[in-house]
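First up is the structure itself, then whatever we jot down about it.
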Amino acid sequence: MTDHEHQHGYIHRKDDYLKRLRRIEGQSRGIQRMVEEEQYCIDILTQISAMTKALHAVSIGLLEEHMNHCVVDAARVGDAEAREKVSEAVDAIARLVRS
């Protein structure tokens, strides 16, 4: 079974993730308006910080779903697939830490 043929671990919380992402999208539009309206720099930075935290929360949730579903399932299948999924998770964590 390939990644495209099975349900991903987050699927049972898909609506929650979409709601959070739409909220983040709204935050982004709000920040754009703040810049257009030439609002105070610190207020804009505060909103960017809030949006960044929200994105990190979504990222951590998806990572947790990946570990609990994809990695655990791969471990059941065999060592090579498990190592591949763990490597994907490590790479994702590295990207998150750098961001």
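The values are calculated or read from the model by the stated rules, or taken from the named source; none is laboratory data. Model, not experiment: these values are computed from the prediction. With ideal geometry, Cβ positions are generated from the backbone for all residues, glycine too; neighbour counts draw on all protein chains shown. Only protein heavy atoms, including side chains, enter the accessible area calculation; ligands, DNA and RNA are left aside. Shrake-Rupley method; radii C 1.70, N 1.55, O 1.52, S 1.80 Å.
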- Item | Any pair with Cβ under 8 angstrom, 6 or more apart, that starts in segment 84-95 at a residue that is closer than 14 Å to Ile60 by Cβ and ends at one that is part of a helix (DSSP H, G or I) and among the hydrophobic types (A, V, I, L, M, F, W, C) | Ala89/Leu63; Ala89/Met67; Ala89/Val71; Ala92/Leu63; Ile93/Leu63
- Task: Look through segment 60-85, keep the residues that are under 19 Å from the mean Cα position of the chain (by Cα) and not aliphatic (A, V, I, L, M), and return whichever of them is farthest from Leu21 (Cα to Cα).
- Result: Lys85
- Residue by residue through segment 68-79, note down the ones that are surrounded by fewer than 15 Cβ atoms within 10 Å (Cβ to Cβ) and among the hydrophobic types (A, V, I, L, M, F, W, C). Val72, Ala75, Val77
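Name the one entry in Ile48, Ile31, Ile24 that is at pLDDT 95 or above, in a helix (DSSP H, G or I) and touching a Leu at 6+ places or on another chain (Cβ under 9 Å). Steps first, answer last, please.
Values: Ile48 fails: touching a Leu at 6+ places or on another chain (Cβ under 9 Å); Ile31 fails: touching a Leu at 6+ places or on another chain (Cβ under 9 Å).
Among Ile48, Ile31, Ile24, only Ile24 is at pLDDT 95 or above, in a helix (DSSP H, G or I) and touching a Leu at 6+ places or on another chain (Cβ under 9 Å).
For every residue, the table says whether it meets (1) surrounded by 11 or more Cβ atoms within 10 Å (Cβ to Cβ); (2) within 16 Å of the chain's Cα centre (by Cα); (3) within 21 Å of Glu65 (Cα to Cα).
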{"position": "Ile11", "(1), (2), (3)": "yes, yes, yes"}
{"position": "Asp15", "(1), (2), (3)": "no, yes, yes"}
{"position": "Arg22", "(1), (2), (3)": "no, yes, yes"}
{"position": "Ile31", "(1), (2), (3)": "yes, no, no"}
{"position": "Met34", "(1), (2), (3)": "yes, no, no"}
{"position": "Gln39", "(1), (2), (3)": "yes, no, no"}
{"position": "Ile44", "(1), (2), (3)": "yes, no, no"}
{"position": "Gln47", "(1), (2), (3)": "yes, no, no"}
{"position": "Thr52", "(1), (2), (3)": "yes, yes, yes"}
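Does Ala82 count as open to solvent by less than 70 Å² (accessible area, probe 1.4 Å), modelled with pLDDT under 90 and part of a helix (DSSP H, G or I)?
yes
Going through segment 15-61 one residue at a time, which ones are among the basic types (Lys, Arg) and either touching a residue at least 12 places away in the same chain (Cβ under 8 Å) or more than 23 Å from Arg95 (Cα to Cα) (or both)? Quick ask: steps written out before the conclusion?
Looking only at segment 15-61, we keep the residues that are among the basic types (Lys, Arg), and these are 19-20, 22-23, 29, 33, 53.
Across segment 15-61, the qualifying residues are Lys19, Arg20, Arg23, Arg29, Arg33.
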